[in-house]
1. When a/c is below 1.5 the answer is rounded, else prolate if a/b is larger than b/c, else oblate, so apply that to the range 2-292 with a ≥ b ≥ c taken from the square roots of the Cα gyration tensor eigenvalues.
2. For A169, what is the net charge nearby, where nearby means another residue's Cβ is under 14 Å from its Cβ and Lys, Arg count +1, Asp, Glu -1?
3. Give, in nm to one decimal, the length gained when the segment between E172 and L232 is fully stretched (0.36 nm per residue of separation minus the Cα-Cα distance).
4. So how far, in whole Å, is the C-alpha centre of the range 1-80 from the one of the range 142-211?
5. Stretch A2-Q24 to full length: gain in nm at 0.36 nm per residue minus the Cα-Cα span?
6. Please find the FRET efficiency linking S208 to F64, where r is the Cβ-Cβ separation and R0 is fixed at 41 Å, and quote it to the nearest 0.05.
7. Residues in the range 1-35, backbone N under 11 Å from the label point at L264 (7 Å along the Cα-to-beta-carbon vector): list them, ranges by number please.
8. If each residue's Cβ is checked for other Cβ atoms within 10 Å, how do W3, W63 rank with the fewest at the top?
Amino acid sequence: MAWGILLLAIVFSALLAIIFKYYQKYEVNTPVAIVFNYIVAASLAFAFSNHTPSLTKLIEFEWFWASLGLALLFITLFNLLAFTNQNIGVTQTQIANKTTFIFPAIMGIWLFNESVNWLKVLGIIAAVVAVIITAKEKSEPASKKHSNFLLIIVLFLGSGLLDLLLSYAQNELIPNNELSLFSGYSFALAGTFGAVQLVFKLVKKQISIKKKDIYGGVLLGIPNYFSIYLFLKALSFKGMESSVTFTVFNMGIIVTATMLSALLFKEKISSNKLVAISLAIAAIALVSFSDKF
């Protein structure tokens, strides 16, 4: 049961990258679709929450400011994630996005006095090297290669900041019974920030909203919510250690997204990509299981 739920979480997470690639193919307006995605994700989160207080009471929650910060990161990074998936590659994007676990690991060592050993340090180094190899993968003109490198690094650091904030909020601010509520408001606030920008562009007649943009948002919002919901569900099973769950989840997304992109979009798996994938998987395993030795 637990493994089946975790497998579904991996598939839904990998689908996000594939959907972004199809946006490019069918000329879906990505920023517009992302706004509708958050509306759908928030609606699902509230539907699965036992209690949804009024907006006027939102600021009274201890986690409100963390939710606000996450919302800003959500909308910014999701647009960047879409751009890098579409213009740099699924594999490179997933490696940059899924090795950011090192940031909460470093925070745990620094702020919460968690254990540190040579395996954990080696895992962190391997993750950084994997991202650097990933960022330098594209064999293109020097100017574009430099631009791609910066985008991958910004995605890596931005996603790391998001993981840090989320990890801190989960450990220090959010009661277990408010997790779905916290997710729902974070999604809703992200959608609100995106909608404000969208309205501004509509007034300026810089964009238009088409049916396929709305359908694209719905198509993205469903796996976006369930990838998180099912992962948290898998974590709740007592017979499955969290270190194993995190490891399988992150490794599974990198491998699944790479295989799907190679199958559906004929993305080439170069020797550099294989080295980066191997280092990323090794980094995840080393950090996750370092406390076992």
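Rule-based calculations on the coordinates, nothing more; no lab input. All of these numbers come straight from a predicted model, not from anything done at the bench. Every residue, glycine as well, gets a Cβ built from its backbone with ideal geometry; the counts of neighbours run over all protein chains shown.
1. Oblate.
2. Value of the local net charge: -4.
3. Difference between extended and current length: 19.9 nm.
4. 9 Å
5. 4.5 nm
6. Using R0 = 41 Å, I get an efficiency of 0.75.
7. It comes to 12-25, nothing else.
8. Starting with the residue having the fewest Cβ neighbours, the order is W3, W63.
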